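Values quoted throughout were computed directly from the atomic coordinates according to the rules given, and no laboratory measurement underlies them. Keep in mind the model is a prediction, meaning the values are calculated, not measured. All Cβ positions, even for glycine, are placed from backbone atoms using ideal geometry, and neighbour counts span all protein chains on display.
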Amino acid sequence: MDLYEKTIGSKKIYDGKIIRVRQDRVLLPDGRESTREIVEHSGAVAIVPVDNNNGVYFVRQYRAPLEKILLEIPAGRLEPGEPPEECAKRELAEEIGFMPQKLRQMAFIYSSPGFSDEKVYLYLAQDLVKHHLENDEGEFLEVVHMPLPEALAMVTDGAIEDGKTITGLLLASRNLPL
């Protein structure tokens, strides 16, 4: 069965600092036409920073779209032309004040492929070295530290709700002794 859609037209709707939105006209596999609203994003990284005692660092911050505070692994948007590994190091320094001596990409995910092209690179950071904390202007967050098993329990009981954080923790648990 042919599942592909052919884009037959595209119109820019919005061009912002973090996202762009376009509306595509597509030809469906059955020959009918439809519309797709696409959010374009430059990509992001998310990092599971683990200390030598299997403790994980998180950030707690307010998320306006949800109007609530979430517990998340450090993460951030890729700057134009920035390699994901460099972005991961920068975000760790900015958000939790550490630099990793060991950084390994575990996977990448598409955050919401039904309407966005955002690709999130997931990293495991180890051998953390204290670094000057450099929070971004306008970014307010609290650093939280807890044992990996406690964090995994928060995933299974629903206390951690963020998708990249859940995925990152589960991947990290496959690579670390519990």
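A few points about this structure:
- Full-extension gain in nm, Asn175 to Glu33, via 0.36 nm per residue minus C-alpha separation: 46.5 nm
- Between Ala64 and Arg104, the FRET efficiency from the beta-carbon distance, with R0 = 35 Å, is close to 0.65.
- Selection from His131, Asn52, Gly158 lying farthest towards where the dipole of the range 33-177 points positive, charges on Cβ: Asn52
- Ellipsoid equivalent to the range 76-138 - semi-axes via the Cα gyration tensor, in Å: 23, 15, 9
- Of Pro80, Pro100, Pro113, the one that fluctuates the most in a GNM where the chain has Cα springs shorter than 10 Å: Pro80
- Charged neighbours of Asp15, selected by a Cβ distance under 13 Å, balance to +4 (K, R count +1; D, E count -1).
- Length-normalised contact order of the chain in % [C-alpha pairs under 8 Å, at least 6 apart]: 22 percent
- Seen from Asp51, the other residues with C-beta closer than 12 Å to its C-beta sum to a net charge of +1, counting Lys and Arg as +1 and Asp and Glu as -1.
- Ellipticity at 222 nm from helices only: DSSP H runs of n ≥ 4 in the chain, each -39500 (n - 2.57), divided by the residue count, give -6000 deg cm²/dmol.
- The residues packed around Met106, meaning those with a beta-carbon under 12 Å from its beta-carbon, carry a net charge of +3 if Lys and Arg are +1 and Asp and Glu are -1.
- Nearest-20 debye value, the chain charge dipole, Cβ charges on Lys, Arg, Asp, Glu: 380 debye
- FRET efficiency for the Val143 to Phe115 pair, using the beta carbon distance and R₀ = 35 Å, is estimated at 0.65.
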